[in-house]
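A.B. asks: Below you'll find the structure I mean.
Just so it is clear, none of the values below were taken in a lab; they were calculated from the coordinates. Predicted model, so just to flag it, every value in this text is computed and none were measured. All Cβ positions, glycine included, derive from the backbone under ideal geometry; neighbour counts span all protein chains shown.
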Amino acid sequence: MKTAILIIFALFLLPVQQEKEYAKQREAMVKKQIESRGIKDSATLAAMRKVPRHLFVPNDQMVHAYEDRPLPIGLGQTISQPYIVAYMTEVIKPKPNFRVLEIGSGSGYQAAVLSEIVKEVYTIEIVETLGREASARLGKLNYKNIQTKTADGYHGWKEKAPFDAIMVTAAAEYIPPPLIEQLKDGGKMIIPVGTPFMTQQLMLVEKTGNKTRTTSLIPVRFVPFKRN
Ligand code: SAH
């Protein structure tokens, strides 16, 4: 009897302990990888502290979820390094009233981070299985302000445009013109541009009227932007 009670107690406690351990790792990730490298935006930091990154990676990657690197999420795709997620989030200067479009849902992690800060997130994934999984995961985790769609993100999401910000998380060879069109006046887009499998440049595109200003930020390495 005593043993049975102990076993039930342990089974109940184990997941709680595990969550505590992940929370500790997440706090260390924010301090060591993100704050110490100069990310200051308080909303971005709070979102990085909150979103349970370990629930966005495959089971066999969970123990690595808070490490300082990208991780495989299946089908040859990756979830970006935590610092890059934070960097891209801070750069678009997200505000609570924003509507943001993301191209490349992948695991859904970046969308979740954005959804903690802004009013509405729209995210598009080209690989059907990944899109379906991301959508199910975000639903299960109760993210209510994210809409998902499986399509070629090159064309953006016309019915929901214009957007305050657009974030592309796959490396394009050039900036897709439909995405610039779907950006609001005063809007910002962040996109890695360059040759697939080589180092690319993270570019910031700022739109004012019918003019755009493009600034090259940091070298990055993303999976390729695919076309249907
Ligand atoms: N933001 C993701 C990681 C992105 S990895 C996360 O937080 O986990 C890049 C993703 O972009 C991959 O899942 C890839 O399938 C997707 N992708 C590549 N080209 C695309 C396109 N044209 N439209 C939409 N998604 C695309």
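A.B. asks: As a test of the formula, what do you get for the chain when each DSSP H run with n ≥ 4 contributes -39,500 (n - 2.57) and the sum is divided by the residue count, at 222 nm and rounded to the nearest 500 deg cm²/dmol?
C.D. replies: Result for the chain, helices only: -10000 deg cm²/dmol.
A.B. asks: Report the normalised scattering of segment 148-228 as log10 I(q)/I(0) at q = 0.11, 0.14, 0.24, 0.27 Å⁻¹, calculated by the Debye formula with identical scatterers on the alpha carbons.
C.D. replies: Treating every Cα as an identical point scatterer, log10 I(q)/I(0) equals -0.27, -0.44, -1.17, -1.34.
A.B. asks: I would also like to ask the following. Tell me the Kirkwood radius of segment 1-60: reciprocal of the mean inverse pair distance over distinct alpha-carbon atoms, in Å.
C.D. replies: Hydrodynamic radius (Kirkwood, Cα pairs) of segment 1-60 is 13.7 Å.
A.B. asks: Then there is this: In Å and from the alpha-carbon atoms only, list the Rg and Dmax of segment 3-102.
C.D. replies: 16.4, 55
A.B. asks: Separate question: Using the Cα centre of segment 97-144 as origin and beta-carbon charges of +1 (Lys, Arg) and -1 (Asp, Glu), tell me which of 129, 141, 107 is placed farthest towards the positive end of the dipole.
C.D. replies: The one lying farthest along the dipole's positive direction is 141.
A.B. asks: Based on Cα coordinates alone, diagonalise the gyration tensor for the chain, multiply each eigenvalue by 5, take square roots, and list the semi-axes in whole Å, largest first. Kindly include the intermediate steps, with their values, before the conclusion.
C.D. replies: On the way: eigenvalues 217, 66, 57 Å².
For the chain, the semi-axes come out at 33, 18, 17 Å.
A.B. asks: With +1 assigned to the C-beta of every Lys and Arg and -1 to the C-beta of every Asp and Glu, and no other charges, what is the dipole magnitude of segment 122-165 about the Cα centre in debye, to the nearest 20?
C.D. replies: 220 debye
A.B. asks: What trypsin sites (Lys or Arg not before Pro) does segment 7-111 have in DSSP loop regions with at most 11 other beta carbons within 10 Å?
C.D. replies: On the way: sites: 20, 24, 26, 31, 32, 37, 40, 49, 50, 53, 99; in loops: 37, 40.
Of the trypsin sites (Lys or Arg not before Pro), the ones in loops of segment 7-111 whose Cβ has at most 11 other Cβ atoms within 10 Å are 37, 40.
A.B. asks: Quick check: the angle from helix 2-29's long axis to the longest principal axis of the chain, C-alpha only, nearest 10 degrees?
C.D. replies: Value to nearest ten degrees: 30.
A.B. asks: Going toward the positive end of the dipole of the chain, with +1 on Lys and Arg Cβ and -1 on Asp and Glu Cβ, which of 11, 56, 71 do you reach last?
C.D. replies: So the residue we want is 11.
A.B. asks: Check residue 221: other-chain or 5+ apart residues with amide H under 5 Å from its amide H, H built from backbone geometry?
C.D. replies: Under 5 Å from the amide H of residue 221: 200.
A.B. asks: Relative contact order for the chain using alpha-carbon pairs under 8 Å, separation at least 6, rounded to a whole percent?
C.D. replies: Dividing the mean separation by the residue count of the chain yields 13 percent.
A.B. asks: Then there is this: Ignoring the sites themselves, what is the longest stretch of the chain with no chymotrypsin sites (Phe, Trp or Tyr not before Pro) in a DSSP loop and at most 15 other beta-carbon atoms within 10 Å?
C.D. replies: Values: sites that count: 174, 197.
With a cap of 15 other Cβ atoms within 10 Å, the longest stretch comes to 1-173.
A.B. asks: So, one more: Considering all projection directions equally, how large on average is the shadow of the alpha-carbon convex hull of segment 57-131, in square nanometres?
C.D. replies: Its average projected convex-hull area is 5.0 nm².
A.B. asks: What lysines does residue 188 reach when the alpha-carbon gap must be under 21 Å and sequence neighbours fewer than 8 apart in one chain are set aside?
C.D. replies: Hits, sequence-local ones excluded: 40, 93, 95, 119, 158, 160, 207, 211.
A.B. asks: Give, rounded to the nearest 20 debye, the magnitude of the charge dipole that the chain has about its Cα centre when Lys and Arg contribute +1 at Cβ and Asp and Glu contribute -1 at Cβ.
C.D. replies: Numbers: 31 positive and 22 negative charges, 87 e Å.
Dipole about the Cα centre, nearest 20: 420 debye.
A.B. asks: Further, regarding this structure: Can you give the direction-averaged projected area of the convex hull of the alpha-carbon atoms in segment 89-176, in nm²?
C.D. replies: 5.4 nm²
A.B. asks: Taking θ = phi - 60°, what integer Hz values does the Karplus form 6.51 cos²θ - 1.76 cosθ + 1.60 yield along segment 181-194, in sequence order, with x for Gly and Pro?
C.D. replies: Values, residue by residue: 4, 7, 8, 5, 4, x, x, 10, 10, 10, 8, x, 10, x Hz.
A.B. asks: What does the charge dipole of segment 14-86 about its Cα centre add up to, to the nearest 20 debye, if the Cβ of each Lys and Arg holds +1 and the Cβ of each Asp and Glu holds -1? Please report the intermediate quantities before stating the final value.
C.D. replies: Details: 11 positive and 8 negative charges, 48 e Å.
It works out to roughly 240 debye.
A.B. asks: Here is a follow-up. Sum up the charges of everything whose Cβ sits under 14 Å from the Cβ of residue 48, counting Lys and Arg as +1 and Asp and Glu as -1, but leave residue 48 out.
C.D. replies: Surrounding charge for residue 48 is +2.
A.B. asks: How far is it, in nm, from the label point at residue 6 to the one at residue 158 when both lie 7 Å from their Cα along the line to the Cβ?
C.D. replies: 6.7 nm
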